[in-house]
Amino acid sequence: MLRFLKNSGIFLIGSILSRLITFLLLPVYTRYIPTRDFGYFDASLVLMTVVTESVFLNIWVVLLRRLKDENGRGMGEVYPGIVLFGLSTLVYLGLGVVGWLVFDFRYYWLIIAFGFVQALSYVYKHIARGLGRNIDFAISGIIAALTTLASNLLFLVVFRWDFGSLYVASILALLADTLYLELRIGIARQIIAARVRRHLWRAVYWLARLALPVGLNAIVYWLVNSVNRIVIIQVLGEEANGEFAVAFRFGAIISLVIMALTYAWQDIAFGKSARDGVFFGKAAGGYAGALLFGLALLLPAVSILFPLAVDTAYGGAYVVTPLTLAVATISGYSNFLVNIFYAIEQNKQTLWAILIAGVTNTVLAFPLVMFLGLQGASLSSFIGYLAGIGYMLWRLEREIGMRVSLLWPLVGIGISAVSAAVFFWANPWANGATAALLLVVGAVAGLRVRRLQREPKPRRALVEPAWDWEPIGVAGSRPRRRLESRR
C-alpha cells in the first residue's frame, strides 16, 4: 500500500502536471480563443491521438511490460519494439502525405507533427518507467508542464497569435520532456549500443502480434470517447464543441488522480497473475469507491471554480460539466479493469470490451445529441462505458474468479448523488460547505485505514505437542507423538 501511494505521488507530479496546467490555462484560452477555433483545436487533437495510437499500436505499453518482465535489465529486450516503432513512423508519414493531398485542414502539418512527437514522448516515458527511473519521469513531466505554460502565455497574451500557437506550444512541451529524458538516461544511446538479438524480424513479428490488440483498442476507444465530438460538430456546430471541450477540461481534474493511480496500479498489477483473482476483486471494489468519492468531492469544487476559470462566452459549458466528470470517472474505472487484463495477458478481451462500449456509444450518440444536446453526448459515452465494464467484469469472473464487493461502489454512488444535487440546486456557499465536509470525511477515513494497517495482527496460540507412550508391536514399546488440543 505504501509503495502504491508513493508511486501515485511520483506519477501525479510527473505525468499529470501538464493536465493541471491545461486546466489552469482555461482563463487564457477562453479569453483569447473564440469558441469555434477552440472546438476545432479540440477535435483535431482527439482525431490525431487516435490515429497516432492506432498506427503506432500503443507500442510503448508493450515496451513497458517487456522491461517489467525483465526487471529493467538490458535495452536489447526492447530493440524489436524500437524497430517496430520505426516502421510505424514510415506508415504514419505516408498516411500524412495522403491526408494532405485529400483533405484541407487548418494547420495540417502542425497537427501531424504533434502526433509524431506525442508518440515519441510516450516511448521515452514508458521506457523510463520500465527502467525504474521514476524521478526522472516526474521531472520530465514538470518540464513539459512549465514549457506549456510559458509558451501559451507568450504566444497568446504577448504575441497575440491565434489558436495555431496551441499546437506549437504542445509540440515544444513534448520535445522538452523527451530531450530531458535523453540527456538523463540516454535511451537512444543505449538502444544504438544494444546488442541486436538473433532472429530480430521474428521478434518484431511476435511483438507486432502482441501489440496489435492494444493498437486496435485505440481505434475502438475513439468510438466510445471521441466520436461524440464529430457528432457535435455535425449537429450543433464547432461553437458547441468548443463549449463541450471546456467542460471536458474540468474532467482533466479527476484525470489527475486517475492517471496517477493508473500508473501506480500498473506497477502493482503487472507483477500479479491470473492466480490473484481475490486480490483483484478487492482492489476493484475499493478503487470504484475511491473514484466515486473523488467525483463527489470535485462537483462542489467545480461549482466554485467555474466562474473564476471560464469566460462568460463559454458559459453554456457549466451545466454539462457534472456529466463529463462522471464520464471521466467511469473511463478511469474502465482503464483500471483493462490493466488487469494486461496483467493476466488477456489483451484480446480488452478489445472486445471496448468494442462493445464503442458500438454502444456510436449507436446512441447521434439520437441523444439530437434530443439532449451536449448532455446527450456525455450520456452516450457513459452508457457505452457501462456496457464495456459489464463485459469485463463478466470475463474476469470467468477467467480468474474475480468478484467485486458492491459495498464501496454503492456508498460512492450515494455520496455522488447527494453532491450532484447540491451542485445543481444549491448556492456556492452550500457547495463550499459540502466540499469541506467531504474533505474531512476523506481525511478521517484515510487516517483510519492507515491506523488499521499499522496495528499488529493477533497471533494464533501455538498448539503444544503432548507426548504419550503406547505399546507398539510385540517386542516392546516406543514413543509416539500425539497432538492433543488444549483448551
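In the stretch 237-245 there is at least one residue matching the filter, namely being under 21 Å from L364 (Cβ atoms), out of contact with any Cys (no Cβ under 9 Å at 6 or more places or on another chain) and of a type in the set (A, V, I, L, M). Taking only pairs six or more apart or across chains, which ones have beta-carbon atoms under 8 Å, a first residue in the stretch 276-304 that is free of Cβ contacts under 8 Å to residues at least 24 places away in the same chain, and a second residue that is not in a helix (DSSP H, G or I)? Note: pairs meeting the criteria are F279/K272.
Matching residues to (1) more than 14 Å from V78 (Cβ to Cβ); (2) part of a helix (DSSP H, G or I); (3) open to solvent by 20 Å² or more (accessible area, probe 1.4 Å):
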| residue | (1), (2), (3) |
| --- | --- |
| L153 | yes, yes, yes |
| D162 | yes, no, yes |
| E182 | yes, yes, yes |
| L210 | no, yes, yes |
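Output the residues belonging to the stretch 320-337 that are over 11 Å from Y391 (Cα atoms) and not hydroxyl-bearing (S, T, Y). Give the steps one after another, and end with the answer.
Applying the first criterion (over 11 Å from Y391 (Cα atoms)) to the stretch 320-337 yields 320-333, 335-336.
Passing the criteria: V320, P322, L323, L325, A326, V327, A328, I330, G332, N335, F336.
Of all the residues in the stretch 31-47, those that are within 26 Å of the chain's Cα centre (by Cα) and either open to solvent by 20 Å² or more (accessible area, probe 1.4 Å) or closer than 21 Å to P307 by Cα (or both) number 6.
Evaluated against (1) in contact with a helix residue (DSSP H, G or I) (Cβ under 9 Å, 6 or more places away or on another chain); (2) open to solvent by 10 Å² or more (accessible area, probe 1.4 Å); (3) modelled with pLDDT of 85 or more, P300 falls short on exactly one condition, (2).
Is it fair to say G94 is open to solvent by less than 20 Å² (accessible area, probe 1.4 Å), more than 20 Å from the chain's Cα centre (by Cα) and modelled with pLDDT of 90 or more? Criteria not met by G94.
Sub-7 Å Cβ pairs linking a first residue in the stretch 175-197 that is polar (S, T, N, Q) to a second residue that is at pLDDT 75 or above and in a helix (DSSP H, G or I), at least 6 apart or interchain, are T178/L120; T178/S121; T178/Y124, ordered by first then second residue. Can you pull out the residues in the stretch 296-316 that are outside any helix (DSSP H, G or I) and of a type in the set (V, I, T)? Correct list: V310 only.
Residues that are open to solvent by 20 Å² or more (accessible area, probe 1.4 Å) and over 19 Å from V55 (Cα atoms) within the stretch 104-133 comprise D104, F105, R106, Y107, L131, G132, R133, listed in sequence order. Filter the stretch 402-427 for residues that are among the small types (G, A, S) and assigned to a helix (DSSP H, G or I); which is farthest from Q349 (Cα to Cα)? Out of the qualifying residues, it is A421.
Quick one: would you say V319 is in a loop (DSSP other than H, G, I, E, B), open to solvent by 10 Å² or more (accessible area, probe 1.4 Å) and in contact (Cβ under 8 Å) with a residue 40 or more places away in the chain? Don't jump to the end; show me each part of the working.
Details: in a loop (DSSP other than H, G, I, E, B): yes; open to solvent by 10 Å² or more (accessible area, probe 1.4 Å): yes; in contact (Cβ under 8 Å) with a residue 40 or more places away in the chain: yes.
Taking the combined requirement at face value, the residue satisfies it.
Would you check if there is a residue in the stretch 387-401 being small (G, A, S), touching a helix residue (DSSP H, G or I) at 6+ places or on another chain (Cβ under 7 Å), part of a loop (DSSP other than H, G, I, E, B) and open to solvent by 40 Å² or more (accessible area, probe 1.4 Å)? It would help to see each step written out before you state the result.
Keep residues of the stretch 387-401 that are small (G, A, S), which gives 387-388, 390, 401.
This time we only want the ones that are touching a helix residue (DSSP H, G or I) at 6+ places or on another chain (Cβ under 7 Å), so: 387-388, 401.
Still in the running and part of a loop (DSSP other than H, G, I, E, B): 401.
Cutting the leftovers down to open to solvent by 40 Å² or more (accessible area, probe 1.4 Å) gives us 401.
Yes; the residues of the stretch 387-401 include at least one that is small (G, A, S), touching a helix residue (DSSP H, G or I) at 6+ places or on another chain (Cβ under 7 Å), part of a loop (DSSP other than H, G, I, E, B) and open to solvent by 40 Å² or more (accessible area, probe 1.4 Å).
Out of I59, I10, I need the residue that is of a type in the set (V, I, T), at pLDDT below 70 and within 27 Å of A188 (Cα to Cα). Which one?
On the way: I59 fails: at pLDDT below 70.
Result: I10 is the single residue among I59, I10 that is of a type in the set (V, I, T), at pLDDT below 70 and within 27 Å of A188 (Cα to Cα).
Is it the case, given these coordinates, that V369 is among the β-branched types (V, I, T), assigned to a helix (DSSP H, G or I), more than 16 Å from the chain's Cα centre (by Cα) and buried (at least 21 other Cβ atoms within 10 Å of the Cβ)? It would help to see each step written out before you state the result.
Details: among the β-branched types (V, I, T): yes; assigned to a helix (DSSP H, G or I): yes; more than 16 Å from the chain's Cα centre (by Cα): yes; buried (at least 21 other Cβ atoms within 10 Å of the Cβ): yes.
Yes.
The values are calculated or read from the model by the stated rules, or taken from the named source; none is laboratory data. Quick caveat, the model's predicted, so the values are computed rather than measured. Cβ atoms come from the backbone with ideal geometry, glycine included; neighbour counts cover every protein chain shown. To get the accessible areas, we keep the full protein, side chains included, count just its heavy atoms, and leave off ligands, DNA and RNA. Shrake-Rupley method; radii C 1.70, N 1.55, O 1.52, S 1.80 Å.
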